[in-house]
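Here is the structure we will look at.
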Amino acid sequence: MKNMNKVKVLVAEDEATIREFIVINLIRAGYEVVEAVDGQDAYEKYLEEEGNISIAVLDVMMPRMDGFELCKKLRGLSSNIGIMMLTAKTQEMDKVSGLLLGADDYVTKPFSPSEFTARVDALARRVSTVMNASANVNDDSIIISGDFRLDCKSHSLTKDGKYIDITQVEFQILEFFFKNQGVALSRTDILNHVWGSDYYGEEKIVDVNIRRVRKKIEEDPSNPKNLLTVWGLGYKWI
């Protein structure tokens with residue numbers, strides 16, 4: 001990777017061998033790395049860095065504070081940080097749980113160096129794209145849909161004037177829908193727009209993030225009125 005130098009990554013993994021493997025590959029790929037031996041250590045180091053960390057790689061099972069709790073805390077501090085969860089092969093629910101708590105992606109152990117760095121590269125590009133887009137849009141770049149108001153400068157969402165806390169991924173999803181109101185968008189469309197055409201993971205990440213968005217914007221997420229399912233295809237915004 002040639003254009004991601006100086007991006008700082010927090011790696012929280014209690015197993016020293018795995019942590020060393022991750023750190024070596026990230027450094028080879030041009031990243032600056034902050035290591036943490038458990039969840040509490042990672043949280044404290046994130047606070048010490050004062051906003052300089054762009055990406056966090058979090059193992060699910062860690063002492064003192066597990067990856068889920070850490071993910072929730074980091075997401076509460078920043079909507080822009082890219083969060084990747086490390087899950088065991090048999091822990092399917094861990095993937096869903098992590099995404100619902102605000103993670104952007106997950107990697108299943110064991111993983112190859114090339115797959116891992118490619119996933120981190122993709123996450124770094126998304127973080128960079130969102131931040132650059134936020135800096136370059138006009139102050140009056142507002143998209144309104146019914147009671148919703150999406151501000152492309154501040155990456156904020158309001159409904160009936162009330163602020164709704166959203167992550168960078170949720171913002172990108174909503175922006176895509178707001179700009180294509182009434183259009184049925186396939187999971188592939190959404191995946192390519194938000195995660196990129198080179199995304200290594202599974203399409204289910206789209207469905208989990210739609211669930212997460214619905215919980216924030218719909219009065220009854222199980223009976224949505226705005227973000228509707230198009231059976232056999234994907235979703236559309238009304």
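Of note:
- Top-ranked residue of segment 1-10 - restricted to ones that are in contact (Cβ under 8 Å) with a residue 12 or more places away in the chain and outside any strand (DSSP E or B), ranked as surrounded by the most Cβ atoms within 10 Å (Cβ to Cβ): Val7
- No other residue among Glu69, Glu35, Glu13, Glu50 is open to solvent by 70 Å² or more (accessible area, probe 1.4 Å) and either at pLDDT 95 or above or under 19 Å from Ala122 (Cα atoms) (or both) apart from Glu35.
- Yes/no for Glu92 being surrounded by fewer than 21 Cβ atoms within 10 Å (Cβ to Cβ), at positive phi, modelled with pLDDT under 90 and not small (Gly, Ala, Ser): no
- Residues that are over 10 Å from the mean Cα position of the chain (by Cα) and among the β-branched types (Val, Ile, Thr) were ranked within segment 52-84; the one that is farthest from Lys8 (Cα to Cα) is Val60.
- Tabulated pairs, segment 56-84, first over 23 Å from Ala16 (Cα atoms), second crowded, with 22+ Cβ neighbours inside 10 Å and of a type in the set (Phe, Trp, Tyr), C-beta under 8 angstrom, 6+ apart or interchain: Leu77/Tyr46; Ser79/Phe171
- For segment 162-177, a tally of residues being open to solvent by 10 Å² or more (accessible area, probe 1.4 Å) and out of contact with any Lys or Arg (no Cβ under 8 Å at 6 or more places or on another chain) returns 4.
- Residue check for Ser154: surrounded by fewer than 19 Cβ atoms within 10 Å (Cβ to Cβ), at pLDDT 90 or above and part of a loop (DSSP other than H, G, I, E, B): no
- Residues satisfying the stated conditions in segment 15-57, i.e. in a helix (DSSP H, G or I), among the small types (Gly, Ala, Ser) and touching a helix residue (DSSP H, G or I) at 6+ places or on another chain (Cβ under 8 Å): Gly39, Ala42
- Among the residues making up segment 178-210, a single one is of a type in the set (Ser, Thr, Tyr), over 14 Å from the mean Cα position of the chain (by Cα) and open to solvent by less than 40 Å² (accessible area, probe 1.4 Å): Ser186.
- Residues of segment 38-47 classified as among the aliphatic types (A, V, I, L, M) and open to solvent by less than 70 Å² (accessible area, probe 1.4 Å), total: 1
- Check on Val169, in contact (Cβ under 8 Å) with a residue 24 or more places away in the chain and not in a loop (DSSP other than H, G, I, E, B): yes
- Among the numbered conditions (1) in contact with a strand residue (DSSP E or B) (Cβ under 9 Å, 6 or more places away or on another chain); (2) more than 22 Å from Lys73 (Cβ to Cβ), the only one that Arg28 does not meet is (1).
The values are calculated or read from the model by the stated rules, or taken from the named source; none is laboratory data. Remember, predicted model here, so these are calculated numbers, not experimental data. A quick note on method: Cβ atoms are made from the backbone with ideal geometry, for glycine too, and the neighbour counts reach across all protein chains shown. All accessible areas refer to the heavy atoms of the entire protein, side chains included, with ligands and DNA or RNA removed. Shrake-Rupley method; radii C 1.70, N 1.55, O 1.52, S 1.80 Å.
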